[in-house]
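The values are calculated or read from the model by the stated rules, or taken from the named source; none is laboratory data. These numbers come from a predicted model, not from an experiment. Ideal geometry is used to build each Cβ from the backbone, glycine not excepted, and the neighbour counts take in all protein chains shown. Note: areas computed on protein heavy atoms with side chains; ligands, DNA, RNA excluded. Shrake-Rupley method; radii C 1.70, N 1.55, O 1.52, S 1.80 Å.
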Amino acid sequence: MKEWLRSIPAVHELQNHEQFEFLQRENQLDVTQLTKYLKEALDRIRSLLLNGEWTGAAPGTNQFIDDVFQLLGANIQKQFTYTIERVINATGTILHTNLGRARLSDNAIHHVVETAQNYSNLEYKLNEGVRGSRHSHVEALIKEITGAEAAMVVNNNAAAVYLVLRALAENKEVIVSRGQLVEIGGSFRISSIMKESGAKLVEVGTTNKTHLYDYEEALNSETAIIMKVHTSNFKVIGFTKSAESEDLIRLTQSTENVIFYEDLGSGALFDFRKHGIGEEPVVREVIEMGADLVTFSGDKLLGGPQAGIIAGKKKIIERLKKHQLARVVRVDKMTLAALEGTLIDYARGEDGVHNIPTIRDLLVSIDRIDERSQRFVTNLLQKTDHFQAKIVSGTSQVGGGTMPDVQLPTLIISLKHAALTAEQVGRKLRTQFKPAIVGRIQKDEYIIDLRTVTEEEEKFLLQALLQL
């Protein structure tokens, strides 16, 4: 062992090797950085030798030097490989939180790339030649689409909730129905956010029933906000009762210095109810009822980037914009560009809305899914006998903590491999292909739902299956 360790070439010898020069050119690394990685590779080899785990050639041989550079090259590739990578979502869950939620429209993507590659007027008024505000770029669009007097954008909806409570209700009371004290996700709870903001939570009603009189009885001189939280990520059914938004709005309008604030969360700017999908309230409706403030997400039903949008009365929005916390939670130029591109699609009306992948995937007809599924299965079975395949009725999920009770009718492709289990098929598709493919496993079958697969991705998916 000592002889082997002594036989490992010195770093300066390996630096003069042609493979060192090749790796330097190929990976555009300077000598110092590449030498650092080389030392790390040699340290790793020494450790493996001492533990009896080295499987390469013996030190002192030409093959050993090749093995050193092979390990070095693999380490460099791993170091400079993106960890965020493209994935084909074959699960049928449209807003899949683990897979990045909403896909952006082509218009939004183009606007992001153009904004990222160039200087922009992010905080500059071109006509006046003076400093501007980043809020202005999407505010007019949000006002037009929602009917609000003013609007601003922060980095996510939890930040929007926190800013509203901190700026408008610090050391004051906020009345919330006990049945609406939701956990947003990742253990972030409305009650916890409220505590961190400095607002004082006043719970009213019960888990399943809260009446208007519960709010009336809780009102006092310390009340700053009546807050309604839309339960977008769960559904309470049975013996239930909740106060309607319009009733709470009338109550606050008759009470001095109390704001009605509704956290809509999912952010529906499009009325899915007209297409028989869910009962999600549209932001414009709540604004038109007279709500003082509404907050909602950008990357859920809206179909844009992660963002928290605050819309409502101008005098209140101006207070939020001037609060010191607004700078802490502000969004960058790429998020604003993505949101602007998405909102312009909305502003174009029905035709523009169908440019947004989230809406397009939610509204796709079962006839279209059937047509694509039949073609896919026919092509697969014509080219391989490794699979059994059938098309069966199923359901797609909206996902992203939205419309929890909505089951979208779909057709799924159920696959069985002759030699591989469903788990093995899933693992190979996730780990052996770029882009990785993520489907569902149901009992001993691998499930594909083409609702969330583009036609380009469908071709890649077919070729991947043929290689198994």
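Residues in the range 47-75, backbone N under 14 Å from the label point at Arg6 (7 Å along the Cα-to-beta-carbon vector): list them, ranges by number please.
Flagged as within label range: 60.
R0 = 45 Å: FRET efficiency of Arg250 with Gln407, Cβ-based, nearest 0.05? Could you put the intermediate results ahead of the total?
On the way: r = 35 Å, r/R0 = 0.79.
The formula returns an efficiency of 0.80 here.
How would you classify the range 269-330 from its alpha-carbon gyration tensor, with a ≥ b ≥ c the square roots of the eigenvalues: rounded for a/c under 1.5, else prolate if a/b is greater than b/c, otherwise oblate? Intermediate results must be reported in sequence, preceding the final value.
On the way: a/c = 4.43, a/b = 1.62, b/c = 2.73.
Oblate is the answer for the range 269-330, as a/c is 1.5 or above yet b/c matches or exceeds a/b.
I'd like the distance between the alpha-carbon centres of the range 91-109 and the range 195-222, rounded to an integer number of Å.
Cα centroid to Cα centroid, the span is 36 Å.
Residue farthest toward the positive end of the dipole of the range 1-82, with Cβ of Lys/Arg at +1 and Asp/Glu at -1: which of Asn75, Gly52, Phe20?
Value: Gly52.
Taking only DSSP H segments of four or more residues, each worth -39500 (n - 2.57), what value at 222 nm results for the chain once the sum is divided by all its residues, to the nearest 500 deg cm²/dmol?
Theoretical 222 nm ellipticity from helices: -13000 deg cm²/dmol.
Give the relative contact order (percent, whole number) for the range 350-443; include only Cα pairs under 8 Å separated by 6+ residues.
Working: 85 pairs, mean separation 20.3, N = 94.
Worked out over the range 350-443, it gives 22 percent.
Per residue, how much accessible surface does the range 1-120 expose to a 1.4 Å probe? Answer in Å², no decimals. Before the final figure, lay out each step's value.
Values: 7980 Å² over 120 residues.
Ligands and nucleic acids excluded, the result is 66 Å² per residue.
Straight-line reach from Lys2: which lysines have Cα under 30 Å away, leaving out those fewer than 8 places along the same chain?
Of all the lysines, those that pass the test against Lys2 - Cα under 30 Å, at least 8 places apart if same chain - are Lys36, Lys39.
Please report Rg over Rh for the range 1-103, where both radii come from the alpha carbon positions and Rh follows the Kirkwood definition. Numbers along the way, then the final one.
Working: Rg = 19.0 Å, Rh = 16.0 Å.
Across the range 1-103, the Cα-based Rg/Rh ratio is 1.19.
What is the magnitude of the charge dipole of the range 307-415 about its Cα centre, with +1 placed on the Cβ of each Lys and Arg, -1 on the Cβ of each Asp and Glu, and no other charges, expressed in debye to the nearest 20? It would help to have the intermediate numbers written out before the result.
Values: 16 positive and 12 negative charges, 179 e Å.
Its charge dipole is roughly 860 debye.
Just how large is the dipole of the range 1-95 about the Cα centre, in debye to the nearest 20, putting +1 at every Lys and Arg Cβ and -1 at every Asp and Glu Cβ?
Dipole magnitude for the range 1-95 comes out near 260 debye.
Structure shown: which of Lys228/Lys314; Lys209/Lys322; Lys125/Lys314 lie over 30 Å apart, alpha-carbon to alpha-carbon? Mind showing how you got there, number by number?
Values: Lys228/Lys314 20 Å; Lys209/Lys322 38 Å; Lys125/Lys314 21 Å.
Where the Cα-Cα span goes over 30 Å, the pairs concerned are Lys209/Lys322.
Per the Debye formula with a single identical scatterer at each Cα and no solvent contribution, what log10 I(q)/I(0) holds for the chain at q = 0.06 Å⁻¹?
-0.40
Can you give the accessible area per residue of the range 233-385, in Å², using a 1.4 Å probe?
Working: 7050 Å² over 153 residues.
Accessible area per residue: 46 Å².
Put +1 on the Cβ of each Lys and Arg and -1 on the Cβ of each Asp and Glu in the range 211-365; which of Pro357, Gly290, Phe270 then has its Cα farthest toward the positive end of the dipole?
Final value for the positive-end residue is Pro357.
Report the relative contact order of the chain, percent, no decimals, based on alpha-carbon pairs under 8 angstrom and at least 6 residues apart. All intermediate terms of the calculation are to be shown ahead of the outcome.
On the way: 786 pairs, mean separation 88.9, N = 468.
Computed over the chain, the figure is 19 percent.
If you take every DSSP beta bridge whose two residues both sit in the chain, what share of them, in percent to the nearest 5, is antiparallel?
55
Counting Lys and Arg as +1 and Asp and Glu as -1, what is the net charge of the other residues whose Cβ lies under 14 Å from the Cβ of Glu40? Numbers along the way, then the final one.
Numbers: positive: Lys36, Lys39, Arg44, Arg46, Lys78; negative: Asp43.
Taking every other residue near Glu40 into account, the sum is +4.
Of all the accessible heavy-atom surface of the chain, with the other protein chains kept in place and a 1.4 Å probe, what percent is carbon and sulfur?
Values: 11330 of 24140 Å².
Taking all protein chains in place, the chain shows 47 percent carbon and sulfur surface.
Quote the charge dipole size of the range 219-365 about the Cα centre in Debye, to the nearest 20; the model charges only the Cβ of Lys and Arg (+1) and of Asp and Glu (-1). Walk me through the numbers before you get to the answer.
On the way: 19 positive and 21 negative charges, 95 e Å.
I would put it at about 460 debye.
Where in the range 384-407 does the label zone of Ala436 land, with the point 7 angstrom along Cα→C-beta and an amide N cut-off under 20 Å?
400
Over the range 1-114, what is the relative contact order in whole percent, taking alpha-carbon pairs under 8 Å and six or more residues apart? Each step should come with its number before you reach the end.
Values: 51 pairs, mean separation 26.8, N = 114.
Rounded, it is 24 percent for the range 1-114.
Starting from 0.36 nm per residue, how many nanometres of slack lie between Ala57 and Leu99 once their C-alpha separation is accounted for?
Details: separation 42, 0.36 × 42 = 15.12 nm, distance 4.13 nm.
Length gained between Ala57 and Leu99: 11.0 nm.
For the pair Val130 and Glu288, how long in nm is the line joining their label points, each one 7 Å along Cα→Cβ?
Calculated label separation equals 3.7 nm.
Would you mind counting up the charge near Glu123? Only other residues with Cβ under 14 Å from its Cβ, with Lys and Arg at +1 and Asp and Glu at -1. Write out the running numbers ahead of the final one.
Working: positive: Lys125, Arg131, Arg134, Lys321, Arg327, Arg330, Lys333; negative: Glu128, Glu139, Asp332.
Around Glu123, the surrounding residues sum to +4.
Summing +1 for each Lys or Arg and -1 for each Asp or Glu, what net charge is found among the other residues whose Cβ lies under 12 Å from the Cβ of Ala337? Let's see the in-between values first.
Numbers: positive: Arg134, Lys333; negative: Glu114, Asp332, Glu340.
Net charge in that neighbourhood comes out at -1.
Excluding residues fewer than 8 places away in the same chain, name every one of the aspartates and glutamates whose C-alpha is closer than 16 Å to that of Lys434.
Glu85, Glu456, Glu457, Glu458
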